[in-house]
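The values are calculated or read from the model by the stated rules, or taken from the named source; none is laboratory data. What you are looking at is a predicted structure, and each value in this text was computed from that prediction instead of being measured. Counting neighbours? That spans all protein chains shown, and the Cβs are built from the backbone with ideal geometry, glycine included. The accessibility values were calculated without ligands, DNA or RNA, using every heavy atom of the protein model including side chains. Shrake-Rupley method; radii C 1.70, N 1.55, O 1.52, S 1.80 Å.
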Amino acid sequence: MKTINKDLLSNITILYVEDEKMIRDEVSYFFSKYVKNFHTATNGQEGLELYNQIKPDLIITDIQMPKMNGLDMIKEINNKKIPIIITTAFSDIDYFLKAIELNVNKFIIKPINLMELVKSIQECIYNDVIRDKLFEKENLLKIVDENVLISITDKDGKIIDVSSAFCDLVEYSKEELIGKTHRILKHSDTSDEFYINMWQQISSGKKFNAEIKNRKKSGEIYWANLTITPVIKDGEIINYTAIRQDVTNKKKLEQLAIEDTLTGVYNRRYFNKIMEKELRRTKRENLNLCLLSIDIDDFKKYNDTFGHPKGDDVLIKVAQSLKSSALRATDFVFRMGGEEFSILFSGLDLEKSLEFSIELVKKIENLQIEHIEDRVVTISAGLVCMNANDILDEEELYRFSDSALYEAKARGKNQVVLFEKE
């Protein structure tokens, strides 16, 4: 989006629900210049009543509010056609996860960037209903170019046209994109299998829809919901039209909900969710489920001697080392809190699980991170590995691995102890 589309904004009705007066007044004042029908409410109950009166084209709402929160209001409205923008703070993570389930269109992180909000509104309200109601063909094409993330390729995948909005997103000019393939935007995390599957579908005439991670010209990552539609004439595919929705903010918030902000591995909150899911899966497949509980030896002494910034560096290095060893799709690394980590994995027998755990302990020692008294940083670990059908619940598995970790500490640290039932 290059500019504020005054024609578009002047023809729509917006309902804005926000309990904080200062924020509400700031946003209202800004939009009063562009939107004739901009209505405000101070909580979800007021918003619901106002919605029934004005029938807005779009709703912007905070999540946490008195009387009725934004999510409960959205549930009551229960109108899947109306675009909804959520304004949220990082502290709203639990509510945010529920908002994802309600198929909210956009998420704006507080403090609100007003131009970002305008961009989101203009992207959201471009749909068939509002398009038919508001715009003639020529004006419509201009709006599409400025607001919709479109690229068109020939049947070999070479780009033949792109919208200005798409150029703004990826930071390439039209001249730089036309004649190239979308591999110019490929991120290394997106597998070749993704593209193979995509081409199998679209070359057979089917529509393809997926979430994709890509890279802008500057190297910055962005995420998009991607829909590719084959254009068929006289029974033959002549080109492909790709339309995207930028979901980068949504993905960032999703990551905050499941990742430890310091180390980048999964957090304790996600551990509980994944443990339950993996236990169900391994029971179905009759596999071993293993949990390795890990603690950095004498970490308090390290912090007291070298300081907390150095201690944070150690946590990051240990986490990166653990993560680089847990490469299978069913390997999960978590920071449980403080200097404690866990690795959940499955499908290995007892001997291989123990070998894997011992290698991890050695790997941390081999980092040769200086500790007190001419020592290096080491870890102790407790391993439990059981057939999933013999595990009563997630708490039992964690309790067993924690017991083994305690024993590893008692035996002198820098080692793995395997939990064995008496």
Calculated [θ] (222 nm, deg cm²/dmol) that DSSP helices of n ≥ 4 give over the chain, each run adding -39,500 (n - 2.57): -13000 deg cm²/dmol
Overall form of region 315-422 per C-alpha gyration tensor (a/c, 1.5; a/b vs b/c): prolate
Rounded, prolate or oblate (a/c below 1.5 giving rounded, otherwise prolate when a/b exceeds b/c) for region 1-59 by Cα gyration tensor: oblate
Residue-normalised accessible area of the chain, expressed per residue, 1.4 Å probe, Å²: 52 Å²
Given charges at beta-carbon only (K, R positive; D, E negative), |dipole| of the chain in Debye: 1160 debye
Orphan Cys of the chain, criterion: no other Cys C-beta under 4.7 Å: Cys124, Cys167
Pairwise Cα inverse-distance average, inverted: Kirkwood Rh of region 149-272 (Å): 15.8 Å
Of all accessible heavy-atom area on the chain, the percent that carbon and sulfur account for (1.4 Å): 47 percent
Listed residues Asn69, Leu322, Tyr222: farthest to the positive end of the dipole of the chain (Cβ charges): Tyr222
Flagged links, alpha-carbon separation over 30 Å, of Lys174/Lys251; Lys186/Lys352; Lys75/Lys216; Lys250/Lys317: Lys186/Lys352; Lys75/Lys216
Gain in span if fully extended, Ser403 to Arg268, counting 0.36 nm per residue against the direct Cα distance: 46.8 nm
Ellipsoid semi-axes in whole angstrom, largest first, where each is sqrt(5λ) of the Cα gyration tensor of the chain: 47, 28, 21
Inter-centroid distance (Cα atoms) of region 1-58 relative to region 248-270, Å: 31 Å
